[in-house]
1. I'm told Gly247 meets every condition in (1) open to solvent by less than 50 Å² (accessible area, probe 1.4 Å); (2) under 18 Å from the mean Cα position of the chain (by Cα); (3) free of Cβ contacts under 8 Å to residues at least 60 places away in the same chain except one. Can you identify the failing condition by its number?
2. Of the residues in segment 91-114, how many are closer than 12 Å to Ala198 by Cα and either surrounded by 19 or more Cβ atoms within 10 Å (Cβ to Cβ) or touching a strand residue (DSSP E or B) at 6+ places or on another chain (Cβ under 8 Å) (or both)?
3. Within segment 222-243, identify whether any single residue is at pLDDT 85 or above and part of a loop (DSSP other than H, G, I, E, B), and answer yes or no.
4. Among the residues of segment 45-59, what is the count of those that are hydrophobic (A, V, I, L, M, F, W, C) and either in contact with a strand residue (DSSP E or B) (Cβ under 9 Å, 6 or more places away or on another chain) or open to solvent by 20 Å² or more (accessible area, probe 1.4 Å) (or both)?
5. Name the one entry in Thr195, Thr199, Thr216 that is in contact (Cβ under 8 Å) with a residue 40 or more places away in the chain and either under 13 Å from Ile73 (Cα atoms) or open to solvent by 20 Å² or more (accessible area, probe 1.4 Å) (or both).
6. Taking only pairs six or more apart or across chains, which ones have beta-carbon atoms under 8 Å, a first residue in segment 254-268 that is under 17 Å from Arg197 (Cβ atoms) and touching a residue at least 12 places away in the same chain (Cβ under 8 Å), and a second residue that is open to solvent by 20 Å² or more (accessible area, probe 1.4 Å) and among the basic types (Lys, Arg)?
7. Select from segment 72-90 the residues that are within 28 Å of Trp226 (Cα to Cα) and either over 20 Å from the mean Cα position of the chain (by Cα) or loosely packed, with under 15 Cβ neighbours inside 10 Å (or both) and list them in ascending order.
8. Give me the pairs, please: first residue somewhere in segment 84-102 and basic (Lys, Arg), second residue anywhere and part of a helix (DSSP H, G or I) and at pLDDT 85 or above, beta-carbon distance under 7 Å, and either six or more positions apart or on two chains.
Amino acid sequence: MNTGFGSWLLGISLGASALGGMLGVASSIVLAATTFGSALLYSISGFGFAVLAAPLFLLFLDPARAIQLIIIISTVLSMVVLRGLLPAVAPRLLLRLALGSVVGLPLGLIAFRYADPILVRAAAGAMIFGFAIPMAVLRRRSGQPGQSKHWTAFAMSPGLDLAAGAVSGFAGALVGQPGPPVLIYLLLAGAAARTVRATLLAFFALSYGVTLASHTATIGIPAPTWLAAGILIPFAFLGGLAGRPIGDRLGAEAFAMLAIALLAVAGAYTLGAAAVAFATA
């Protein structure tokens, strides 16, 4: 299946059989649809492209190529979707998150070198899922009669902004998921939905851009991967354009519940991936 996909999408002639070529075309259609759907969700919420795209990308590509494709597409998509949301970005918040991320990144790299990756992914998935469920319950209760309608756990502060960015940088280097810590922080602090969405997209544009430059300069990105990204990016572009007006019309509570649902999916997927890796180790 991987060979067929490579021969059709990446333009590499690998001598696949006719059946393999047919499977390759079907796989390419699935990946194009996945890219469109993931971009749609990403544009609406500011989060979730990799959550939806990664599992299916990993079915048809080796992990290194799948991750690099997601990084390239996410970088371009963040910039495209962000254009209409620039006025909603909180510059100082974004700066503090980025500075904190720079501090957390090397710590995550050190931990990545010495930690058991399976245990790390399991712990990360459990923590993300563990945050998502109580947040959903508390928000549901806050909407009931007699309860505060705008539940928040704490007020935002510059110190907490830096701390959230540091945890994000640490998590990005350690498990490849910089988004959940920032999203959890902004949701718990009760930030406005449009601000959360715009700030997340801006933060991802910066972090993915740096990651893409690092991959290009150190690991290297093969030409076929760039070609595959060029083929899939138009589908991401269409999904992003389709999702932007939906996100603009989404109410604060609906946005929060969608974001919490995505966190739950991200946590469950990370736990599941760790369980599969442990079972096959």
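1. Among (1) open to solvent by less than 50 Å² (accessible area, probe 1.4 Å); (2) under 18 Å from the mean Cα position of the chain (by Cα); (3) free of Cβ contacts under 8 Å to residues at least 60 places away in the same chain, Gly247 violates only (3).
2. The total comes to 2.
3. Yes, because at least one residue in segment 222-243 is at pLDDT 85 or above and part of a loop (DSSP other than H, G, I, E, B).
4. Going through segment 45-59 one residue at a time, the tally reaches 6.
5. So the residue among Thr195, Thr199, Thr216 that is in contact (Cβ under 8 Å) with a residue 40 or more places away in the chain and either under 13 Å from Ile73 (Cα atoms) or open to solvent by 20 Å² or more (accessible area, probe 1.4 Å) (or both) is Thr195.
6. From residues that are under 17 Å from Arg197 (Cβ atoms) and touching a residue at least 12 places away in the same chain (Cβ under 8 Å), the pairs are Ala256/Arg139; Met257/Arg139; Ile260/Arg139.
7. If the condition is that a residue be within 28 Å of Trp226 (Cα to Cα) and either over 20 Å from the mean Cα position of the chain (by Cα) or loosely packed, with under 15 Cβ neighbours inside 10 Å (or both), then Arg83, Leu86 are the ones that fit.
8. Arg96/Pro158; Arg96/Asp161; Arg96/Leu162; Arg96/Gly165
The values are calculated or read from the model by the stated rules, or taken from the named source; none is laboratory data. Quantities reported herein were computed from a predicted structural model and do not represent experimental measurements. No Cβ is skipped: glycine too gets one built from the backbone with ideal geometry, and neighbour counts run over all protein chains shown. Heads up: the accessible areas ignore ligands, DNA and RNA and are worked out on the full protein's heavy atoms, side chains in. Shrake-Rupley method; radii C 1.70, N 1.55, O 1.52, S 1.80 Å.
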